[in-house]
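> This is the structure, below, for whatever I ask next.
The values are calculated or read from the model by the stated rules, or taken from the named source; none is laboratory data. Quick caveat: nothing in here was measured; it's all calculated off a predicted structure. Here Cβ is always computed from backbone atoms with ideal geometry, including for glycine, and neighbour counts include all displayed protein chains. With ligands, DNA and RNA removed, areas are computed over all heavy atoms of the protein, side chains included. Shrake-Rupley method; radii C 1.70, N 1.55, O 1.52, S 1.80 Å.
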Amino acid sequence: MDADTLELSRRRFLVGSATAAGGLMIGLHLPFAGEALAAELPPEVNAWVVVKPDDSVIVRIARSEMGQGTLTGLAQLVAEELECDWSKVSTEYPTPGQNLARGRVWGNFSTGGSRGIRESHEYVRKGGATARMLLLQAAADAWGVPVAECSAANSVITHAGTGRKTTFGKVASAAARLTPPANVALKDPKTWKIAGKAVKRLDTIDKLSGKQVYGADIRLPGMLNAAIRDCPVFGGKPRSFDAAKVLSMPGVKAVLRVGDSAVAVVAQNWWQAKTALDALPIDWDEGAHAQVSSATIARQLEEGLEAQQALVGNQVGDARAALASASKRVEAVYSYPYQNHATMEPMNATALYTADRCEVWTPTQNGEAALAVTADASGLPAARCDVHKMHLGGGFGRRGAVHDWVRQAVLIARQMPGTPVKLLWSREEDMLHGRYHPITQARLVGGFDAAGNLNALHIRISGQSILAGVAPQNLQGGRDPVTFQGLSASGDGEIGYTIPHLLVDHAMRNPHVPPGFWRGVNHNQNAIYLECFIDELADAAGQDPLAFRRKIMGRHPKHLAVLEAAADKAGWGKPAPAGVFRGLAQHKGFGSYTAAVAEVSVSAQGKLKIHRIVAATDPGHAVNPGQIAAQVEGSFVYGLSACLYGECTVAKGRIEQQNFDTYPMMRIDEMPEVETIVMPSGGFWGGVGEPTIAVAAPAVLNAIFAATGKRVRSLPLKNVDLRRA
Amino acid sequence: MPKLNINGRVVDVDADDKTPLLWALREQAGLTGTKYGCGIAQCGACTVHIDGAPVRSCAMPIGALRADQKIVTIEGLSPDASHPVQKAWLALDVPQCGYCQAGMIMAAAALLKSKPRPTDADIDAGMTNICRCGTYNRVRAAIHLAADGGVARQG
C-alpha cells in the first residue's frame, strides 16, 4: 500500500467520524481533496486501533451492526488485548473501498450465519494485541528501557523498574511509525477483564434520542428521492408505463425504467415520489409464472416427498432396509411456509454516480458484496466505487447475500449523473420482493426394533434450495449442503442423536419465488421436523420426551448438557402449574448448542398462551453474556413470530401479503418470560444471533401436544384449530 | 401552507394537506428520529405525541392538524435523553437494531403519563408497537423501572 492510499483512507475516516458527531446532514466529501485535514488526524496505531492524544480509542469494526451486538463484542475483544480504558472506546466502520485499497486488511465484511465474532475473533484480538505491543515499544524507546520491563493497563503504560508512567495517547504517534511484531500472543480467555463481561452496548445512546442515522435517514445536499415498483410477479417486467400522467405531479423529476423489471419515480421528496408512483399506469408483462399458486407449489413439493431421486445429506447404515423390517413404524409429513424477513427498516440505498465514480450509502450485512454490486451496476471498476455502511434497521439475512436494492439505486443514479438519489422501498414493495425463507416439506419415517429401540430414521426433505436461488455456483454436484443444517453428521450443525440407520435426503424442488438466508436459515424447519418427530417417536414408544432423547444422545454430551440444563431449570418431571404443559427441544446450529423448554396453556376455545421459556446455550466462549441473553430473548420473538403467524402465500405468481395487517408478528402481550442459561464450555467459538431460533417453535409445538394431544405439522399456528378434539 | 407546532416551534410546512405527518416531520422538518415502518398505523415506529397522546404519524394527514396542537417527536422528548423512559432504556440496554425504539419510547412515555404505575396488563394494552429484534421483555422491564423511579434513585 502506498502512502497516498493511506492518506486517502485516513481522510475518509475523518469524514466518517465527523458524520457520526455532526448529526443527520452528511457532507459530501471530495476524494483526493482536503489535504489540510490530514494533519489533524489522530494516529492509526494499526488498522484496528486509532488512539487520540486525549487517550480516547477508536476501534475499527469490519462486520455490520444490525442489533445483534457484534459491534460491541468485537470492540471488547480488541480492547481486551489492547489493555485500554473501556470507558474511552468508540467504534467506526472502515469502508469496503478502503478494505480493497489496503489489501483487505480488515478481512471479510460479511455479517451473516452468526459468524461476525466467531470467524474474526482471532485476528481482531491479534490486532488489539499488536497495537498494545507497538504502544509499549514506543514508550520503552522513549524511556530507553527494555520493552519487557513495561506493561500496559487501562491505557496507561508503566515501567516496572522506575515506576515511570505514560499514556497511550502520548506515545500513539511514535507507535504508529514502528514495524509491527511478527508474532503476538493472545490472552487466555480465563483472564479476560473486558471481554467475557456483560458490558453495556456502545451504540445505545443515539438510539434513544432519534440521533442514530439509519440508511433511510440519509440526506445529502441536492438529493432527490425515489420510490420503486418491481413487477409483482417474479420474472415479469413492465410492457409500458405512462410517465406523462404523473410528470406534472408535485415534486416529480423523472420516471425511469430500472433494470428489466422495475419502474421508479424520482421526486423532490419520497412522499411525492410514492404518491406519483401509485398514480402511474404500468402495463405488466407478468411472464411465465403468472399462474403459480401456493397450491401448485404444494403439489410440486408433495411429488418430491415420494421421488426416487434425492440428494443425500447424511447417511448411516441402511435406513430403507431397516425401516422395511422394522417391528414398528411411525410416519409423519411436516411443512414449512415462505416467510419474509420484514426488517423494520425497509430496503434502501442512496447512490451518487458521476462519470468516474459511484458511491453508495446503505444498510448492508456485507459491505464488500454491496461494493461488488455497486461496481457491476455502475460499470465502473470497484476501485472507483465505495459503499458507506449505515446502521441497519434489522438485517436477519435480507441485507447480506443479494443486494438487489443497491443495484436498483445505482441504476437510478446512473440515469441522473451528479445527483444523489435515495431509493426507499415502501413496506408493500418490501413484502412483495423479499428473498423468502425457503418453502419445504418433510416426510419422516422412524422404525423401532423388536426390543422397542429406535433403530432407523429417514428424513426426506422436499423443496427449495437457498443456494440454487442465491449462489448456484456453490452447489456441490447439484447438492445444496445448507439444506441439511442441523441434520449433518458433524460440524456446525451436527445432529445430536445416534441412530443406527439414518438417511437424510433432499428432493430439490425450486419454485419461482426467490429464496434467501432468513435468520436461522434451514435450521428453523429442520429443527421442527426433527424435534417434533422425535417427540412423536417418544410418544409412540410410551416414553417421556427427555428420557427418550437421553437414550440416543449418549455420544453427544454437549447437545445433552444444554438440554439437561434447560430441563432442570424448568422443572421438567415436576408438576407444572395447573393447566400448564411443557415441551422441549434441542438443536445445534452455527456451532452452538441450544435447548429450550416451553410452558404453554391452551384454553377450551383453542387460544394458546406461552407462559415461560427456559433456554440454555453453549456458544463455547461468551464474549458478552448480556448480549447473548438479549439475542436468546430476541430469537424467541423471531422464531415464535414465525411459528404463530409467519406465512407468505402465493396467488397468480405473486406474494399475497403486502403489509403487517396481513403479515402479523408477535407483540409484547404475547411475549413469554424468557430465562436464559448461558453455559460456555470453552474450546470452540459458536454463533449467538441465530442458533436459538431453531428450538423456539419445536419446544412450543411439543408443549401444545402435551396440552391438547394435537400434533401441529404445518405452520403457522394461526391456521390451526387448537381446540381439543 | 399548513403550520405545525413541532417540539415547541411553530413551523410552516411546505407540503400537501394529505401528506402524512410522518413524512412532513422527516422530509420537511428534517426530524428523522421518527421512523417509517408500515405506513398503515400497524407497527408504531412512527409514534409521536399530539397534545400528550400517542399518535401513529404515518396515518395522520397534516391537513387534519391545527397549529395549536402540540406535536412532540423523539427529538423533543428531552434535550439530552434525560426523560425517565430514556434513562431506563439506557440502564437496561433495551435497543437492539434500534429502528423501532423511538416509537417504543414515545409510546412508553405516553403510557406512563396516563398510568404512572402501569401493570403488566396496562403495558400489554398500551405497547402495541412491533419490534422484530425482540426487545419486548426489556421494554417491559424498563417501563417498570421508569415507573418506579429506579433510574433516578440509582443516579
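> Where the centre of each part is set by its Cα atoms, how far does segment A:254-273 sit from segment A:623-674, in angstrom?
One Cα centre to the other: 31 Å.
> For A:ALA142, put the label point 7 Å out on the Cα→Cβ axis and report which residues of segment A:78-92 keep their amide N under 20 Å from it.
Under cut-off, by backbone N: A:82-86, A:88-89.
> Ignoring solvent entirely, what values of log10 I(q)/I(0) come out of the Debye formula for segment A:623-662 at 0.15, 0.24 Å⁻¹ when each Cα is a single scatterer?
Values, matching the q order: -0.53, -0.80.
> Turning to a different aspect of this structure: State the Cα centre-to-centre distance between segment A:307-330 and segment A:85-135 in whole Å.
Distance between centres, Cα-based: 47 Å.
> From the protein chains alone at 1.4 Å, what is the descending order of accessible area for A:SER87, A:SER151, largest first?
Final ranking, largest accessible area leading: A:SER87, A:SER151.
> Still on this structure, please answer the following. Which three extents, in whole angstrom, do the alpha-carbon atoms of segment B:3-77 cover along their principal axes, largest first?
28, 26, 20
> Just the accessible area for A:SER90, please: 1.4 Å probe, Å², rounded to the nearest 10?
Rounded to the nearest 10, that gives 60 Å².
> Just tell me which lysines come within less than 22 Å, Cα to Cα, of A:LYS652; anything on the same chain fewer than 8 places away is out.
Cα-Cα hits under 22 Å: A:LYS237.
> Would you mind calculating the relative contact order of segment B:84-154 from Cα pairs under 8 angstrom and at least 6 residues apart, reporting the percent as a whole number?
Relative contact order here is 51 percent.
> Then there's this: Less than 10 Å Cβ to Cβ from A:VAL330, Lys/Arg counted +1 and Asp/Glu -1: what total charge do the surrounding residues give?
So the environment of A:VAL330 carries a net charge of -1.
> Also: Between segment A:571-610 and segment A:678-709, how many Å separate their Cα centres?
Each part reduced to its Cα centre gives a spacing of 10 Å.
> Additional query: Is it possible to state the helix-based mean residue ellipticity at 222 nm for chain B, with each DSSP H run of 4+ residues giving -39500 (n - 2.57), the sum divided by total residues, to the nearest 500 deg cm²/dmol? What is it?
Working: 6 runs with 50 residues, N = 155.
It lands at -9000 deg cm²/dmol.
> On average, how much accessible surface per residue is there in the protein assembly as shown, in Å², for a 1.4 Å probe, leaving out ligands, DNA and RNA?
Each residue of the protein assembly as shown exposes 35 Å² on average to a 1.4 Å probe.
> Enter the buried accessible area of the B/A pair, total of both sides, probe 1.4 Å, in Å² rounded to the nearest 100.
4500
> A follow-up question, please. Roll a 1.4 Å probe over the protein heavy atoms and report the accessible area of A:HIS621 in Å², nearest 10.
Number for this one is 40 Å².
> P(r) for segment A:93-177: what percent of alpha-carbon pairs falls in each 5 Å bin, starting at zero?
Going from the shortest bin to the longest, the percentages are 3, 14, 20, 16, 14, 11, 12, 7, 3, 1.
> Over segment A:339-468, what is the mean sequence separation of C-alpha contacts under 8 Å (at least six apart), divided by residue count, expressed as relative contact order in percent?
29
> Let me check I have the definition right: for segment B:84-154, take the eigenvalues of the Cα gyration tensor, multiply each by 5, take square roots. What are those semi-axes in whole Å, largest first?
Those come to 17, 14, 10 Å.
> Let me ask something else about it. Running Debye on chain A with equal point scatterers at the Cα sites and no solvent, what base-10 log of I(q)/I(0) appears at q = 0.06, 0.07, 0.12 Å⁻¹?
Values, matching the q order: -0.39, -0.54, -1.33.
> May I have the pair-distance distribution P(r) for segment A:62-106, computed from all Cα-Cα distances with 5 Å bins from 0 and rounded to whole percent?
5, 19, 24, 21, 20, 10, 1
> Beyond 20 Å between alpha-carbons counts as too far, so tell me which of A:LYS609/A:LYS710; A:LYS551/A:LYS588; A:LYS211/B:LYS3 fall in that bin.
With Cα atoms farther than 20 Å apart: A:LYS211/B:LYS3.
> May I pose another question? Take the alpha carbon atoms of segment A:517-622, find their radius of gyration, then divide it by 2.2 N^0.38 Å using N residues; give the quotient.
Taking the Cα Rg and dividing by 2.2 N^0.38 Å, one obtains 1.11.
> Spin-label point model (7 Å from Cα, Cβ direction): what's the A:ALA332 to B:THR128 distance in nm?
The two pseudo-label positions are separated by 3.5 nm.
> Counting only Cα atoms, I'd like the Rg/Rh figure for segment A:645-725, Kirkwood definition for Rh.
Taking Rg over the Kirkwood Rh, I get 1.05.
> Can you sort A:GLU306, A:GLU359 by 1.4 Å-probe accessible area, starting with the largest?
Output order, biggest surface exposure first: A:GLU306, A:GLU359.
> Across all directions of projection, what mean area in square nanometres is found for the Cα convex hull of segment A:242-281?
Reported value for the Cα convex hull: 2.5 nm².
> In whole angstrom, and with the biggest value first, how far do the Cα coordinates of segment A:378-448 range along each principal axis?
70, 30, 23
> Rounded, prolate or oblate: which fits segment A:204-294, taking a ≥ b ≥ c as square roots of the Cα gyration tensor eigenvalues, rounded meaning a/c under 1.5, else prolate when a/b beats b/c?
Oblate shape, in that a/c is at least 1.5 and b/c is the bigger or equal ratio.
> Note the angle between two axes, namely the Cα long axis of helix B:101-114 and the longest principal axis of the Cα atoms of chain B, as a number of degrees from 0 to 90, rounded to the nearest 10.
It is inclined by approximately 80 degrees.
> Follow-up. In deg cm²/dmol and to the nearest 500, what is the mean residue ellipticity at 222 nm of chain A if only DSSP H runs of at least 4 residues count, each as -39500 (n - 2.57), divided by the residue total?
Details: 19 runs with 219 residues, N = 725.
It comes out at -9500 deg cm²/dmol, rounded to the nearest 500.
> Give me the percent of the accessible area of the protein assembly as shown that comes from carbon and sulfur atoms, probe 1.4 Å, all protein chains in place.
52
> Anything losing 20 Å² or more of accessible area from the isolated chain to the full protein assembly: pick those residues out of segment A:369-396, probe 1.4 Å, ligands and DNA/RNA ignored.
Listed in order, they are A:PHE396.
> For an R0 of 60 angstrom, estimate the FRET efficiency from the Cβ-Cβ distance between A:THR158 and A:VAL312 and round to the nearest 0.05. Walk me through the numbers on the way to the answer.
Details: r = 61 Å, r/R0 = 1.02.
Computed FRET efficiency for A:THR158 and A:VAL312 comes out at 0.45.
> Can you tell me which of A:114-120, A:460-466 comes out highest on packing, and rank the rest after it, using the mean Cβ neighbours within 10 Å? Let's see the in-between values first.
Working: A:114-120: 23.6, A:460-466: 25.9.
Put in order of decreasing packing, that is A:460-466, A:114-120.
> Still on this structure: Just list whichever of A:LYS718/B:LYS115; A:LYS207/A:LYS718; B:LYS35/B:LYS87; A:LYS88/B:LYS87 have alpha carbons separated by over 23 Å in the model shown.
Pairs exceeding the cut-off: A:LYS718/B:LYS115; A:LYS207/A:LYS718.
> Which lysines have a Cα lying under 20 Å from the Cα of A:LYS187, excluding residues fewer than 8 positions away in the same chain?
Straight-line reach from A:LYS187, under 20 Å: A:LYS126, A:LYS197.
> Let me check something: with ligands and nucleic acids excluded, how do A:MET679, A:MET665 order by accessible area (1.4 Å probe), largest to smallest?
A:MET679, A:MET665
> Along the principal axes of its C-alpha atoms, what lengths does chain B span, in descending order and rounded to whole Å?
Computed over the Cα atoms, the extents are 46, 28, 25 Å.
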